[in-house]
Amino acid sequence: VCGEQIAMFKDYNLNRHYETKHAQKYKNLTEAERARASEDLLSKLQRQKGFFTKLHASKDAAIRTSFVISHKIARNSKPFSDGEFVKECLVDSVAIICPEKKEAFSIMPLSRRTVTRRVED
């Protein structure tokens, strides 16, 4: 919970970590304060998990988009290097229309080799 790593995740090591690092902080808390501190720690953990979930979701969306664009390039018999051109156009358009989403479009893999792999799949 505190972010520090424990060598081996065993009861003894966890108890020793708590006694040396956190015992003074939580020793004098009442039941209500303990419950509130526990809820605060749980909500902090949920926010941390949510951050990584959002990051993972945006990368998944970029990969799915890459597959769709690669499929359209192949279906229309365009050169695979057009993927890079399409990506440049998308990034420039998004920078004007919706600048906060520019990063999501710039991570989209559309190089010539990537388009080739997507078409082969």
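Quick note: the coordinates plus some simple rules give every number you see, no bench work behind them. Just so you know, these numbers come straight off a predicted model, no measurement behind them.
Find how much the distance from Thr30 to Ser111 grows on full extension, using 0.36 nm per residue of separation minus their present alpha carbon separation; answer in nm with one decimal. Mind showing how you got there, number by number?
On the way: separation 81, 0.36 × 81 = 29.16 nm, distance 5.91 nm.
Fully extending the segment from Thr30 to Ser111 adds 23.2 nm.
Provide, for the chain, the number of lysine pairs with alpha carbons under 14 Å apart, each pair being eight or more places apart or on different chains.
6
Tell me which DSSP H helices of the chain clear both cut-offs, 27 Å or more of axial length from alpha-carbon atoms and a mean Kyte-Doolittle hydropathy of at least -1.0.
Numbers: long enough: 31-75 (65 Å, -0.55).
Going by DSSP H runs, the hits are 31-75.
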